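S.K.: Mind having a look at this structure? Questions to follow.
The values are calculated or read from the model by the stated rules, or taken from the named source; none is laboratory data. These numbers were taken from a predicted model, which means no experiment stands behind them. Cβ: placed from backbone, ideal geometry, glycine included. Neighbour counts: every protein chain shown. Quick note on the areas: whole protein, heavy atoms, side chains included, nothing else; ligands and nucleic acids left out. Shrake-Rupley method; radii C 1.70, N 1.55, O 1.52, S 1.80 Å.
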Amino acid sequence: FEEVSPIESFNGALSLHWLLAYFGIVKGGLYVLGLAAGGGWRALLPRPSDLPDALAMIRYYLGVVPHAITRKPWPHPPVRSKYNALQRGAYFTMPLVGALVVLSGWAMHKPVQLGWLERLFVNYDGARIVHFGCMLVLGSFFVPHVLLVIADGFDTFRSMITGWSLRVKGAGDE
């Protein structure tokens, strides 16, 4: 086995970091473009009723497992739109957090050439704190989101990628 120096392993990690960063930028750009082109952004705008509805959804999610274990009914709060308040808040926030990740990342990567961008985050360390915090937010959204999609089945995954689903309202009612 050939020994790899710490510098070489760091370069590999940095290359992977930039590969994933550019993949995230492209993916986020396509998401925002799709929202803008299809008008889906309207369904994500915050509403005055979101705070009490979000609290009801949090209460529901916290009670699902205990009620399933005890086999007691646990009714789902009413959802009067395409997304519940928690979904709307998350899907509205993620593009904003993603933009902060990109901006803070570039502020750290090119602090001399993009000094004005670094100053938006106060300094280099401010950009690092924002970058790290926003990555925690993205990860705390992404990981459970993917797990829920897997739990719901392949049709949900396919519909996220292609935009169509086999589960159409009214299908099988005949």
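S.K.: When the chain is treated as a GNM, springs tying every alpha-carbon pair under 10 Å, which of His131, His109, His76 comes out with the largest mean-square fluctuation?
M.R.: Judging by the Gaussian network model, the answer is His76.
S.K.: Here's another thing I want to ask about it. Per residue of the chain, what 222 nm ellipticity follows from adding -39500 (n - 2.57) for every DSSP H run with n ≥ 4, rounded to the nearest 500?
M.R.: That calculation yields -24000 deg cm²/dmol at 222 nm.
S.K.: So how much slack lies between Leu62 and Leu33, counting 0.36 nm per residue of separation and subtracting their Cα-Cα distance, in nm?
M.R.: Result: 7.0 nm gained on full extension.
S.K.: So, one more: Can you tell me the length gained on complete extension of the stretch Arg71 to Lys110, counting 0.36 nm per residue apart and subtracting the Cα distance?
M.R.: Net length gain for the segment: 8.4 nm.
S.K.: Using a 1.4 Å probe over the heavy atoms of the protein chains, calculate the carbon and sulfur portion of the accessible area of the chain as a whole percent.
M.R.: The computed percentage sits at 70.
S.K.: Counting only heavy atoms of the protein chains, get the accessible area per residue of the chain (1.4 Å probe) and round it to a whole Å² value. Walk me through the intermediate numbers first.
M.R.: Numbers: 13150 Å² over 174 residues.
It amounts to 76 Å² per residue over the chain.
S.K.: Pop a pseudo-label 7 angstrom from the Cα along the beta-carbon direction at both Ser49 and Lys82 and give the gap in nm to one decimal.
M.R.: Between Ser49 and Lys82, the simple spin-label model gives 1.7 nm.
S.K.: Between the helical axis of 50-69 and the dominant principal axis of the chain, each derived from Cα atoms, what acute angle in degrees is found, rounded to the nearest 10?
M.R.: 70
S.K.: Got the relative contact order for region 1-160 handy, in percent, Cα pairs under 8 Å and 6 or more residues apart?
M.R.: Result for region 1-160 is 17 percent.
S.K.: Considering only Gly39, Gly89, Gly153, give the residue with the highest GNM mean-square fluctuation for the chain, with springs between Cα atoms whenever their separation is below 10 Å.
M.R.: Its mean-square fluctuation being the largest, the pick is Gly153.
S.K.: Ok, one more. I'd like the accessible area for Leu45, computed on protein heavy atoms only with a 1.4 Å probe and all protein chains in place. Round to 10 Å², please.
M.R.: For Leu45, solvent-accessible area is about 70 Å².
S.K.: Continuing with the same structure: Given charges of +1 on the Cβ of Lys and Arg and -1 on the Cβ of Asp and Glu, with all other atoms neutral, how large is the dipole of the chain about its Cα centre, in debye to the nearest 20?
M.R.: 800
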